[in-house]
Amino acid sequence: MPRRRHTTAVFVVATTLLALAFTSARVRGQQDPASADAACGELTIRVWDGYAPYIFRDAAGNWRGIEVEMARALAKEAGYRPRLVAIPWNRAMRQLERGELDIVLTLSKTPERERFTHFFAPSTHEQIVVVTRPELVSRFERVRTLDDLVAVGRIGINQEVDYGDDFRKKWNRNPAFRARFEAVTEPRLNIVKLRRGRLAGLLRDKLSVAYSIRHGGEYAGLRYVELPCFPRRPVYFGISKRIAPGKVEALRRAYTALRERGVFDEILQRWTRE
């Protein structure tokens, strides 16, 4: 008899635990998807050094800049821990497409990228300029069209960086136009070529070049010229379409809340008020 009572007690306890586990699973299954995803806790965000003031490492090795602050604010508002991952640009695009990366910031919108990316409303705006040596400034100041640009000399660009609709169409249709550019994956290579006279100019973002010149960075001693053929345009938070829908919705709500409170504008103004 004692053995039978013991067996019965064990059975009752086991049954009760199973019932509690089933109830808990049902409750978890009824949670808002965004909340359930947020409980998982992590948001992978692409970073890369040498792109101040958007993103760079300071003397202590800490990530700083416009993108870093915006990304951390977005993650916190959505209930995630930001995980900053240093990935070269080309690899970041492939990982965003495969869903191995959640976010790329300051991403320009193209038909190709729209296949695998949700583009949230603009994070900042981009202005492409030509960076050159002081003695060539006057020649670039006379440039009005893309044909005028390549007539000055050979121009350095970054592979897979989008330079706008007009540039993209001309690049795809005109081999002679493409031949006038030096495309690299590491921007510093073209800076060296420019200083040595092997290039006439580089196409780069105005804010990053101006910041570098002011702070004695890699563009120190060079000049930049704004060109009518590269109008100011918006860039976006790029969110992978391969991540969970609940995670996307949590980020969308967080983005809207931060934009309405002026958080992104405050971050941008703080870095550009000089």
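The values are calculated or read from the model by the stated rules, or taken from the named source; none is laboratory data. Nothing here was measured: the structure is a model prediction, and the numbers come from that model. As a convention, Cβ positions derive from the backbone with ideal geometry for all residues, glycine included, and neighbour counts pool all protein chains shown.
Give R198, R242, R188 a once-over and let me know the one that is basic (K, R), touching a Phe, Trp or Tyr at 6+ places or on another chain (Cβ under 9 Å) and in contact (Cβ under 8 Å) with a residue 40 or more places away in the chain.
Values: R198 fails: touching a Phe, Trp or Tyr at 6+ places or on another chain (Cβ under 9 Å); R188 fails: touching a Phe, Trp or Tyr at 6+ places or on another chain (Cβ under 9 Å).
Sole residue among the options that is basic (K, R), touching a Phe, Trp or Tyr at 6+ places or on another chain (Cβ under 9 Å) and in contact (Cβ under 8 Å) with a residue 40 or more places away in the chain: R242.
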Problem set entry | Every residue from the range 187-225 that is buried (at least 21 other Cβ atoms within 10 Å of the Cβ), of a type in the set (G, A, S) and not in a helix (DSSP H, G or I) | A200, G201
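What number of residues within the range 149-176 satisfy the criterion of being within 21 Å of E112 (Cα to Cα) and of a type outside the set (D, E, K, R)?
First, the residues of the range 149-176 that are within 21 Å of E112 (Cα to Cα): 157-175.
Those still in the list that are of a type outside the set (D, E, K, R) too: 157-159, 161, 163-164, 167, 171-172, 174-175.
Selection size over the range 149-176: 11.
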Exercise. Out of the range 169-186, which residues are assigned to a loop (DSSP other than H, G, I, E, B) and over 19 Å from the mean Cα position of the chain (by Cα)?
Worked result: N174, A179, R180
Problem set entry | Filter result for the condition that a residue is under 13 Å from the mean Cα position of the chain (by Cα), modelled with pLDDT of 95 or more and of a type in the set (D, E), over D147, D102, D166 | D102
Exercise. Does A220 fit the bill of being in contact (Cβ under 8 Å) with a residue 12 or more places away in the chain and within 28 Å of V150 (Cα to Cα)?
Worked result: no
